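These notes are about the structure you will find just below.
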Amino acid sequence: MAIHLLRDYQTQNITTSNRLYIPSYLLTIFMRRVLRYTYVGSTNYPINNIGTLLISTGDTTPTVAPTFTVGKKAGINLGAQKEFYVSIPVGVRTVSGADVGRLLSLRSTANPTFNSGVFLIQGFDTTSNSYIIDYRTLGDKPPAEPADSMEWYLYEKDLNCPTQGAPNTLKTSAEYRGDGNSTTPRIILQSPHALGWQVRICHESTGDHLTNVATSPNCPQITVSPGFEGDSAGDFAIYGKHFHAPMWYNTSSSNYLGGAIGFGDGNGTGVQMRVTIIGDDSGQGIVMYARRPSNVLHSHITCFGLPENEVAPLPVNDWARLFVLGTGYTGNDNFGVREINDGALQSTPIAPNPTGSQGMSASPFGVPTACSASFWTYITGNAQYAGPHFDASATDTPFTSSTELLPIDLMQGTLAQWNTGFLSNSTTAQVYPYAPKNLGTIPHIREGRSNFGDFSPTTDSARSYQHLRRGLYIPWNGPNLIP
């Protein structure tokens, strides 16, 4: 298994409404081209074919498994003064100024945490037929990889990413409307894991996501929904093998608010995000962190996939092994200050915020159920919600003289609903079954002391981890970070 990174992409479009959907655009490209998730189906999300969004590639079969014949791959670091140049086969594409501002997806097998990712094209060089990329590092150079060594795909600018569409015209306002003949962009990709699990990423329709926090019916701006048996339109079935609760129950009832998990930037004007994604090419899971520099409290984190360290006995229905954590409320997705504190996965006890991270999974019987991250915490001698990650008196582990990083458990079936005490249409009704179970631990994220700066690498020579915020760490082993 190789870990790949998409490192600190700085969104370029910060003015038009398209900017709301840039993180999902990056996520789908990274999954499809770097992590090699396969394409199942989509509506108005054309990242699979050469055309509207995919501009060029040396891959002769871009809609299925990649085929790069000899001489069709890219290279990086062309030597002194050209360290950030990526060579493109001249027989495939001639670089030009029209490509400045577009996205270059690179997959490196030799240096997956350095040279893989989705990069902004900042310039071009006709003498070497190369793009100059924004490598997003403070002082480091890319490890050199020769021409014809890296898979590459040229995508349209983030300004042109898929946006949002109209609801299903065959459904009433009481139903979920982002499926069927809805024009809203969505896509289903399938994991390279042996289990073959899928995930649906949807820009929820104008019927299921509104901008008014107090009245929006169901979904955040973008939802992420693992499952099985997706169709060619990019949809899962009603009562199907997934746990997007509004789609599963075919409802827009406010009782299910929080039952579709995802992310968004809150509809603010002039918002810029810095997006980092980590995933593995074996299909275990993915973590995406979108940092909002102007207001870090409104950053968002989304985790999904198959847990590590799964607890036996495994459920007989495989979709009950999957999970997603992220933003579950609607409208202004102030992930950091609403339901999950400071962009982390733990909540503070500030009423009326739910005291736990929002997530979804499926019960052993296949019904959507709540899922939460379970952190280490003190049970005596300290304030409630406190733990070693915020304890100034905590020290290095005596065994290795270093900060100890711990896995984070996933607990499902301990809450009956998410929509309590926040919006005007909040409810106390039970909509999800109680089915307590430890699923395992979240892949690619750990909990430890907050003794490193926010968004900074650990100080070991390999920079093994990046500290996000409030004691959350992701594996790194990559270049130095821009503050």
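The values are calculated or read from the model by the stated rules, or taken from the named source; none is laboratory data. All of these numbers come straight from a predicted model, not from anything done at the bench. Here Cβ is always computed from backbone atoms with ideal geometry, including for glycine, and neighbour counts include all displayed protein chains.
For Val316, state whether it is in the same structural domain as Leu35 (by TED's automatic domain parsing), surrounded by fewer than 16 Cβ atoms within 10 Å (Cβ to Cβ), modelled with pLDDT of 90 or more and on the phi < 0 side of the Ramachandran plot. Yes, satisfied.
The number of residues in the range 172-193 that are part of a loop (DSSP other than H, G, I, E, B) and touching a residue at least 24 places away in the same chain (Cβ under 8 Å) comes to 15. Annotation: of all residues in the range 95-111 being among the charged types (D, E, K, R) and outside any strand (DSSP E or B), the one that is nearest to the chain's Cα centre (by Cα) is Arg102.
Residues in the range 247-290 that are under 12 Å from the mean Cα position of the chain (by Cα) and of a type outside the set (Gly, Ala, Ser): 10 in all. Scanning the range 93-128 for residues that are crowded, with 19+ Cβ neighbours inside 10 Å and of a type in the set (A, V, I, L, M) gives Val95, Leu103, Leu104, Leu106, Val118, Leu120, Ile121. Count of the range 112-134 residues, restricted to those that are aromatic (Phe, Trp, Tyr) and either within 30 Å of Gly180 (Cα to Cα) or within 20 Å of the chain's Cα centre (by Cα) (or both), is 2.
Of everything in the range 420-444 that is hydroxyl-bearing (Ser, Thr, Tyr) and at pLDDT below 90, the residue that is surrounded by the fewest Cβ atoms within 10 Å (Cβ to Cβ) is Ser424. Is there a residue being surrounded by fewer than 20 Cβ atoms within 10 Å (Cβ to Cβ), of a type outside the set (Phe, Trp, Tyr) and closer than 27 Å to Ser456 by Cβ anywhere in the range 83-92? Within the range 83-92 (the criterion being surrounded by fewer than 20 Cβ atoms within 10 Å (Cβ to Cβ), of a type outside the set (Phe, Trp, Tyr) and closer than 27 Å to Ser456 by Cβ), the answer is yes, since at least one residue qualifies. Note on the range 27-89: enclosed strands (runs of 3 or more DSSP E) holding 2 or more residues that are farther than 26 Å from Gly285 by Cα, out of contact with any helix residue (DSSP H, G or I) (no Cβ under 9 Å at 6 or more places or on another chain) and not assigned by TED's automatic domain parsing to the domain that holds Pro185 are 74-76, 85-87. Say whether the condition of being assigned by TED's automatic domain parsing to the domain that holds Arg446 and at pLDDT 75 or above is met by at least one residue in the range 332-355. No.
Conditions (1) buried (at least 24 other Cβ atoms within 10 Å of the Cβ); (2) under 18 Å from Ser363 (Cβ atoms), marked per residue:
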{"site": "Gly227", "(1), (2)": "yes, yes"}
{"site": "Ser232", "(1), (2)": "no, no"}
{"site": "Asp235", "(1), (2)": "yes, no"}
{"site": "Tyr256", "(1), (2)": "yes, yes"}
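Being more than 23 Å from Thr67 (Cβ to Cβ) and either touching a strand residue (DSSP E or B) at 6+ places or on another chain (Cβ under 9 Å) or of a type outside the set (D, E, K, R) (or both) is the filter here; which residues of the range 131-155 pass it? Matches in the range 131-155: Ile132, Ile133, Asp134, Tyr135, Arg136, Thr137, Leu138, Gly139, Pro142, Pro143, Ala144. For the range 435-464, what are the residues that are without any contact (Cβ under 8 Å) to a residue 40 or more places away in the chain and either among the basic types (Lys, Arg) or assigned to a loop (DSSP other than H, G, I, E, B) (or both)? Once the filter is applied, which keeps residues that are without any contact (Cβ under 8 Å) to a residue 40 or more places away in the chain and either among the basic types (Lys, Arg) or assigned to a loop (DSSP other than H, G, I, E, B) (or both), the range 435-464 yields Pro436, Gly453, Thr459, Ser461, Ala462, Arg463, Ser464. Taken over the range 465-483, the criterion of being out of contact with any helix residue (DSSP H, G or I) (no Cβ under 6 Å at 6 or more places or on another chain), assigned to a loop (DSSP other than H, G, I, E, B) and closer than 27 Å to Val311 by Cα is satisfied by Trp476 alone.
Please work out if Asn168 is closer than 28 Å to Ile238 by Cβ and free of Cβ contacts under 8 Å to residues at least 24 places away in the same chain.
Numbers: closer than 28 Å to Ile238 by Cβ: yes; free of Cβ contacts under 8 Å to residues at least 24 places away in the same chain: no.
So Asn168 fails the test.
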